[in-house]
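Presented below is the structure to which this report refers.
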Amino acid sequence: MPYLQMFARRLPDWFDVRLAFVACALVVYNWLVIQYLYRLPGWLYYQTAWDLVGILGYGLVSAAIESAFLLFILLALAVVLPPRVLRDKFAVGATGWVLVTGVWAAISQYNDAWLREAGLGRLAFVFVLYAVSVVIIWFVTYRFRTIQVHVRSFLERALTLLYFLYLPATLLGLILITLRNIG
């Protein structure tokens, strides 16, 4: 039991966890929308409307799972790292980490061929650049109070977007996936 109490003390408060999930969802869902709209003109030639809706449904459900996975990673880091590193300002730190990770994921997706051919030296260099960018964004978000206030304010407003757009669309996508796989 003492381990559970220690574990519970190291977790951030529930509201910060929700704000961190909003940050994860904004990055993942918006990237889904960008990629879907980028590929949509090509799909129009050989996919039916039902197939296009199905692709979107699968994408929405996978975006929800991916957002939850990112949140789980952040919570694990909050438990492992010292409280002043991530737990004390969890929503702001999570937003910075998710944004940097999202940008690097987009860069790596568009430079896929280069990364596949890259040797260990290049990959180590890219990882060092990623780590440096995470440290820089951590320093900026934790150092300046005005940035913290604006990030929290933005995330609190984005809760509405999550509750009234992304989650209902994901539920519709889940229903659609279920109907497609049953029939």
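The values are calculated or read from the model by the stated rules, or taken from the named source; none is laboratory data. Worth saying up front: this structure is predicted, and the values here are computed from it rather than measured. Ideal geometry is used to build each Cβ from the backbone, glycine not excepted, and the neighbour counts take in all protein chains shown.
Considering Ala131, Ala124, the condition of being without any contact (Cβ under 8 Å) to a residue 12 or more places away in the chain and under 20 Å from Ile73 (Cβ atoms) is satisfied by Ala131 alone.
When Leu129, Leu123, Leu155, Leu171 are checked against the criterion of being part of a helix (DSSP H, G or I) and surrounded by 14 or more Cβ atoms within 10 Å (Cβ to Cβ), Leu155 stands alone in meeting it. Within the range 98-157, the set of residues being over 26 Å from Phe69 (Cβ atoms) and charged (D, E, K, R) comprises Glu117, Arg122, Arg143, Arg145. Look at Leu60 and say whether it is touching a helix residue (DSSP H, G or I) at 6+ places or on another chain (Cβ under 7 Å), crowded, with 20+ Cβ neighbours inside 10 Å and farther than 24 Å from Ser153 by Cβ. For Leu60, the condition - touching a helix residue (DSSP H, G or I) at 6+ places or on another chain (Cβ under 7 Å), crowded, with 20+ Cβ neighbours inside 10 Å and farther than 24 Å from Ser153 by Cβ - is met. When you check Ala113 against the structure, is it among the hydrophobic types (A, V, I, L, M, F, W, C), free of Cβ contacts under 8 Å to residues at least 60 places away in the same chain and surrounded by 13 or more Cβ atoms within 10 Å (Cβ to Cβ), yes or no? Answer is no for this residue.
Restricting Leu74, Leu99 to residues that are closer than 21 Å to Arg145 by Cβ and of a type in the set (A, V, I, L, M, F, W, C) narrows the list to Leu99. Say whether the condition of being surrounded by fewer than 18 Cβ atoms within 10 Å (Cβ to Cβ), hydroxyl-bearing (Ser, Thr, Tyr) and part of a loop (DSSP other than H, G, I, E, B) is met by at least one residue in the range 23-37. Taking every residue of the range 23-37 in turn, none turns out to be surrounded by fewer than 18 Cβ atoms within 10 Å (Cβ to Cβ), hydroxyl-bearing (Ser, Thr, Tyr) and part of a loop (DSSP other than H, G, I, E, B). Here is the figure for the range 74-106: residues that are in a helix (DSSP H, G or I) and either under 14 Å from Val140 (Cα atoms) or touching a helix residue (DSSP H, G or I) at 6+ places or on another chain (Cβ under 9 Å) (or both) total 23.
On the stretch given as the range 87-99, residues that are surrounded by fewer than 20 Cβ atoms within 10 Å (Cβ to Cβ) and modelled with pLDDT of 85 or more total 1. Within the range 153-178, the set of residues being of a type outside the set (Val, Ile, Thr) and in contact with a helix residue (DSSP H, G or I) (Cβ under 6 Å, 6 or more places away or on another chain) comprises Leu155, Ala158, Leu159, Leu162, Tyr166, Ala169, Gly173, Leu174, Leu176.
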